[in-house]
Amino acid sequence: MGIETLAGQAAVVPAPAGRHGHLGSFAANASNVATASDAHLTNPAISTETSDGKKSFYLETFGCQMNAHDSEKVSGVLLGRGYRAEENPALADLVLYNTCSIREKAAQKVFARLGDWKTVANGKIIGVLGCVAQQEGEEIFERAPWVSLVCGSASYRKLPELLAQLEAGGRRVTGLDLDTDETFETEITRRDNLIRAYITIIEGCDYSCAYCVVPHTRGPERSRASDAVIAEARRLADAGYSEIQLLGQTVNSYRDPSMRKWSFVDLLRAVATVPGIRRVRFTTSHPNDFYREIVEAIDETPALCDHVHLPVQSGSDRVLRAMRRTYTREEYLQKIEWIRAAKRPISVTSDIIVGFPGETPADFEESLTLLDAAQYDAIFSFTYSPRPYTSAKDLPDAVPEEEKSRRLAVLNERQRQIQIANNEKLVGETFEVLVDARHAARGQWTGRSSSNRLINFTSTRENLLGEYISVRVTRGGPNSLAGEHVL
Ligand code: SAM
Ligand code: SF4
């Protein structure tokens, strides 16, 4: 089930282990593209075949699920060109980093990785893909002259062309276009997760949140045609996947560009009825485009998972305005009300930033009271990190780093208490769990409920991986539940 092709055949390609887990993406810019005729620039390493006769690649992924899935597609493109995946970067002909620049630390990590190759690149092709590639562009060649490929995610469709240039001996190729209305369609996508498969339905972002570099690094919003999405869901079902996650930076802003003109809800309902698909998730929803119809669709369609990730970012109207989030606290909480009023319980999770410029203790207190009001099942919390190309980067009244860290700890502790209290209430309930791991040492299995709750459980049965089973909750912890298999 590791690789899925357009023709629908499936062959097993095991995912590399550890941090070498995923694979990335890329594109070109004529001004800096070398050709085979530039003899003095020619890099011979890419044509050095390994003992099995195939060139090899190593791909490391940083950041979000969108990046993880882009890496799966890039892997597919490379495998389709005859490369093989290599777990050890020292042994690979092509070393790629699919990068994240959402916060400064993530971007710094990539330059640390590139530094590892300064004196030992040995003719390898080193490439930077993703958000740092788009953000830093050709500057990367200045900072790390041993890099050969720089390609942002909006240019990934040019990946085969860029690879061809490298294979022909090109030393420096770039793909940094942002003005594309195409999405990255691949003939082959390598699937790293054997249980859950991702489908990108919308790329880029047309919002302009003051803190966020994504519109710069991923380009404008582009939705995929609904028939391409449904065809991919069918292929995944044929390959044995039963859980699909629809992806987009603002997944619910989806608008079908084809004649069918489906809404996001039309697409959700259609994917949920593909034979063989038992669970459909979607992330990330923007509160501005979150309508009641989405809750109705979840209520009426068992295959739509009862979980919504709806990032609020702040509980203070003043800060939301400064962040350019396009909704108020009250409007946001109204949407939470719709979700809470659904016929079946729907779990809600969120992202919150603390320490945005000008955030006062009173503003921060409003984020804390929002946690009480929303009763999230989990949150991802961040200290604000100023990013280039964002409107907030030069805002006055920066919150000192120490104070940001203090607020983060207070926020996380408040949320921890909420999760402990709510998870304890689940003791005695039974969930349908899709089993995704076995912990032999602990004698436990792990799986996820439709609401995306992590449940560790015991069972007298063997071979449960990939099975849907019933688990009764026996204990609730802050971040997970413990339970036992109901036979
Ligand atoms: N599109 C999603 C939305 O509108 O909520 C968010 C996508 S973003 C890749 C993921 C999260 O990173 C954001 O929800 C935000 O909480 C966090 N984030 C983005 N920029 C940040 C920054 N400059 N500093 C700290 N956190 C940031
Ligand atoms: Fe970034 Fe805002 Fe777009 Fe989300 S909606 S990706 S936070 S600009």
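Summary table below
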quantity: Failed item in (1) over 29 Å from SER314 (Cβ atoms); (2) open to solvent by 70 Å² or more (accessible area, probe 1.4 Å); (3) touching a residue at least 60 places away in the same chain (Cβ under 8 Å); (4) not aliphatic (A, V, I, L, M), with ARG416 passing the rest; calculated: (1)
quantity: Qualifying residue in the stretch 146-162 (condition: free of Cβ contacts under 8 Å to residues at least 40 places away in the same chain, assigned to a loop (DSSP other than H, G, I, E, B) and away from ligand 1 (no atom under 15 Å from the Cβ)); calculated: yes
quantity: LEU166 being crowded, with 19+ Cβ neighbours inside 10 Å, modelled with pLDDT under 95, touching a Cys at 6+ places or on another chain (Cβ under 9 Å) and of a type outside the set (D, E, K, R); calculated: no
quantity: The stretch 329-373, residues that are of a type in the set (Gly, Ala, Ser) and touching a Gly at 6+ places or on another chain (Cβ under 9 Å); calculated: SER367, ALA373
quantity: Scope the stretch 184-209; condition within 16 Å of ligand 2 (Cβ to nearest atom), in a loop (DSSP other than H, G, I, E, B) and either buried (at least 19 other Cβ atoms within 10 Å of the Cβ) or within 15 Å of the chain's Cα centre (by Cα) (or both); matching residues; calculated: ILE201, GLY204, CYS205, CYS209
quantity: Of all residues in the stretch 212-255 being charged (D, E, K, R) and part of a loop (DSSP other than H, G, I, E, B), the one that is nearest to GLU467 (Cα to Cα); calculated: ARG224
quantity: Subset tally (residues that are of a type outside the set (Ser, Thr, Tyr) and surrounded by 18 or more Cβ atoms within 10 Å (Cβ to Cβ)) for the stretch 347-367; calculated: 11
quantity: Criterion violated by ASP266 - all others in (1) in a loop (DSSP other than H, G, I, E, B); (2) surrounded by fewer than 22 Cβ atoms within 10 Å (Cβ to Cβ) satisfied; calculated: (1)
quantity: The stretch 203-229, subset hydrophobic (A, V, I, L, M, F, W, C) and touching a Leu at 6+ places or on another chain (Cβ under 8 Å), residue nearest to GLU104 (Cα to Cα); calculated: ALA210
quantity: Given (1) without any contact (Cβ under 8 Å) to a residue 12 or more places away in the chain; (2) assigned to a loop (DSSP other than H, G, I, E, B), index of the condition SER258 fails; calculated: (1)
quantity: Output for the stretch 375-404, where each listed residue is within 16 Å of ligand 2 (Cβ to nearest atom), in contact with a Ser or Thr (Cβ under 8 Å, 6 or more places away or on another chain) and open to solvent by less than 70 Å² (accessible area, probe 1.4 Å); calculated: ILE379, THR383, ARG387, SER391
quantity: Candidates ARG407, ARG344, ARG325 - the one that is out of contact with any Cys (no Cβ under 7 Å at 6 or more places or on another chain) and open to solvent by less than 40 Å² (accessible area, probe 1.4 Å); calculated: ARG407
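Conditions tested, residue by residue: (1) more than 16 Å from ligand 1 (Cβ to nearest atom); (2) free of Cβ contacts under 8 Å to residues at least 40 places away in the same chain.
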residue: GLU182; (1), (2): yes, no
residue: PRO215; (1), (2): no, yes
residue: PRO220; (1), (2): no, no
residue: ALA228; (1), (2): yes, no
residue: ARG235; (1), (2): yes, no
residue: THR250; (1), (2): no, no
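The values are calculated or read from the model by the stated rules, or taken from the named source; none is laboratory data. What you are looking at is a predicted structure, and each value in this text was computed from that prediction instead of being measured. Because the Cβ atoms are built from the backbone with ideal geometry, glycine has one as well, and the counts that use them run over all protein chains shown. Accessible surface is based on the protein model in full, side chains and every heavy atom, while ligands, DNA and RNA are left aside. Shrake-Rupley method; radii C 1.70, N 1.55, O 1.52, S 1.80 Å.
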